[in-house]
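Everything on this sheet refers to the single structure shown next.
The values are calculated or read from the model by the stated rules, or taken from the named source; none is laboratory data. It should be emphasised that the depicted structure is a prediction, and the values quoted were computed from it without experimental measurement. Cβ: placed from backbone, ideal geometry, glycine included. Neighbour counts: every protein chain shown. What goes into the accessible areas is simple: the full protein's heavy atoms, side chains included, and nothing from ligands, DNA or RNA. Shrake-Rupley method; radii C 1.70, N 1.55, O 1.52, S 1.80 Å.
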Amino acid sequence: MITPEERSLLATIDDQELVELTRSLVRIDSVIRPGNTEAAVVAFVSRWIREHIGVEPVVEEVVPGRENIIVTLDLG
């Protein structure tokens, strides 16, 4: 079930912006193979979060060369 806070957050999503974000992401080579990781995607998403949400994401290296992005939003 969706909470009122989640419904409010979902209402702020711009469909066209979401499509453009998806297009930008799929253009980035993130196939895991020797010499390539998803690092460019991590950098892109981290920058997007800073610019569009105004939050500083936490990037944690899970294993060498593999990172997770963590964002905490206060919806209260």
Inset, instruction - Calculate for the chain the 222 nm mean residue ellipticity that helices alone would give, adding -39,500 (n - 2.57) per DSSP H run of length 4 or more and normalising by residue count, nearest 500 deg cm²/dmol. - result: -14000 deg cm²/dmol
Legend entry - Whole-number percent relative contact order across the chain, with pairs defined as alpha carbons under 8 Å at least 6 apart: 20 percent
Legend entry - Counted charge near V55, where neighbours are those whose Cβ lies closer than 15 Å (Asp, Glu -1; Lys, Arg +1): -1
Legend entry - Only Lys, Arg (+1) and Asp, Glu (-1) charged, at Cβ; the chain dipole about Cα centre in debye: 300 debye
Inset, instruction - For V42, tell me the accessible area in Å² from a 1.4 Å probe, rounded to the nearest 10. - result: 10 Å²
Legend entry - Efficiency of FRET from Cβ geometry, V71 and T3, R₀ 22 Å, rounded to 0.05: 0.75
Inset, instruction - Report E51's accessible area, 1.4 Å probe, all protein chains in place, as a number in Å² to the nearest 10. - result: 130 Å²
